[in-house]
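The values are calculated or read from the model by the stated rules, or taken from the named source; none is laboratory data. The model shown is predicted, which means the values in this text are computed figures rather than measured ones. Cβ: placed from backbone, ideal geometry, glycine included. Neighbour counts: every protein chain shown.
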Amino acid sequence: MSTIAAIEPPTGLIAPAPVDPVRISRFGIVNAYLVAEEDGLTLIDTGLPGTQRRILERAEELGVPIVRIALTHAHSDHVGSLDALASALPGVQVIISEREAPLLRGDKDPRGREPGNRVRGSFPTVITRPTRLVNDNEYVGSLRVIASPGHTPGHVAFLDTRDGTLYAGDVFTTRLGVASSSRVAWRYPIAGLLTWSRALDLQSARRLLQVAPTRLAAGHGPIVPEPAQAMEDAITAAEGH
């Protein structure tokens with residue numbers, strides 16, 4: 001396994017113009033996204049087990065190969081199809097944050113001064129090993145990595161620096177409206193119930209608001225355009241709990 005140091009987005013990997021994200025959803029609420037780059041597609045998260053068929057079919061329809069998989073975190077609804085996709089895509093790059101990588105191996109022990117809270121949710125032990133580990137403010141093609149711990153210890157979001165689309169993982173959900181996963185929201189309570197540290201997750205929500213995204217593409221729910229006010233309202237609602 002190798003790691004790559006932080007880099008600015010390399011010119012040769014950036015598509016010449018912003019391209020709308022392709023959302024691939026199971027049951028209308030569990031999302032993966034295909035993002036076009038000049039050298040191929042970046043897949044953000046892999047969805048539930050079995051989602052690989054839809055992902056591969058959509059990439060084939062687009063006529064563009066998937067060259068990398070970037071994971072926001074290691075919950076089963078985000079890595080459920082990782083092994084199947086890695087098998088179907090020989091040589092694909094698999095990217096996850098350095099802190100989140102141990103969870104792929106089943107290591108749930110806290111690190112350093114982290115809260116001692118038990119991590120929540122299903123973390124399947126996968127066979128596939130990451131080929132690249134990333135940290136805050138590194139780049140995956142055109143995507144800036146934004147550390148956003150709280151839902152899980154090593155959760156990250158990805159900001160498309162070309163058009164401002166924010167792939168927020170589970171820091172926010174957008175089903176029936178925007179909500180912070182730092183609280184159990186009726187709109188999609190599972191995200192809040194499975195959050196590891198509500199305090200850190202709320203801090204991460206504030207940080208993501210500060211990047212002023214033009215679109216919010218969350219792990220659960222539809223893509224929301226011009227999301228700033230809705231994100232701010234969700235944070236305010238979480239602060240009141």
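So which of Thr125, Thr173, Thr161 ends up being among the hydroxyl-bearing types (Ser, Thr, Tyr) and over 17 Å from the mean Cα position of the chain (by Cα)?
On the way: Thr173 fails: over 17 Å from the mean Cα position of the chain (by Cα); Thr161 fails: over 17 Å from the mean Cα position of the chain (by Cα).
Matching residue, one of Thr125, Thr173, Thr161: Thr125.
Quick one: count up the residues across region 34-58 that are part of a helix (DSSP H, G or I) and in contact with a Leu (Cβ under 8 Å, 6 or more places away or on another chain). So that I can check it myself, show each step before the final result.
Residues of region 34-58 that are part of a helix (DSSP H, G or I), as a first pass: 52-58.
Okay, now just the ones that are also in contact with a Leu (Cβ under 8 Å, 6 or more places away or on another chain), so 52, 55-56, 58.
Within region 34-58, residues that are part of a helix (DSSP H, G or I) and in contact with a Leu (Cβ under 8 Å, 6 or more places away or on another chain) number 4.
Under 7 Å between Cβ atoms, which residue pairs at least 6 apart in sequence (or on different chains) link something in region 125-138 that is within 19 Å of Leu89 (Cα to Cα) and modelled with pLDDT of 95 or more with a partner that is aliphatic (A, V, I, L, M) and part of a loop (DSSP other than H, G, I, E, B)?
Close Cβ pairs satisfying both conditions: Arg129/Met1; Pro130/Met1; Thr131/Met1; Arg132/Ile4.
Residue-by-condition table, conditions (1) at pLDDT 95 or above; (2) within 21 Å of Gly141 (Cα to Cα); (3) over 19 Å from the mean Cα position of the chain (by Cα):
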{"residue": "Pro21", "(1), (2), (3)": "no, yes, no"}
{"residue": "Glu37", "(1), (2), (3)": "yes, yes, no"}
{"residue": "Leu43", "(1), (2), (3)": "yes, yes, no"}
{"residue": "Thr46", "(1), (2), (3)": "yes, yes, no"}
{"residue": "Val64", "(1), (2), (3)": "yes, yes, yes"}
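If you take the residues of region 160-176 that are surrounded by 24 or more Cβ atoms within 10 Å (Cβ to Cβ) and among the hydroxyl-bearing types (Ser, Thr, Tyr), which of them is farthest from Ala218 (Cα to Cα)?
This residue is Thr165.
Return the residues of region 206-233 that are touching a residue at least 40 places away in the same chain (Cβ under 8 Å), under 19 Å from the mean Cα position of the chain (by Cα) and part of a helix (DSSP H, G or I); say none if nothing qualifies. Step through it out loud before you land on a result.
To start, the set of residues in region 206-233 that are touching a residue at least 40 places away in the same chain (Cβ under 8 Å) comprises 207-208, 211-224, 227, 230-231, 233.
Add one more test, that the residue is under 19 Å from the mean Cα position of the chain (by Cα), and what stays is 207-208, 211-224, 227, 231.
Arg207, Leu208, Met231 - these are the residues of region 206-233 that are touching a residue at least 40 places away in the same chain (Cβ under 8 Å), under 19 Å from the mean Cα position of the chain (by Cα) and part of a helix (DSSP H, G or I).
Go through region 72-114 and count every residue that is assigned to a helix (DSSP H, G or I) and either crowded, with 18+ Cβ neighbours inside 10 Å or on the phi > 0 side of the Ramachandran plot (or both).
10
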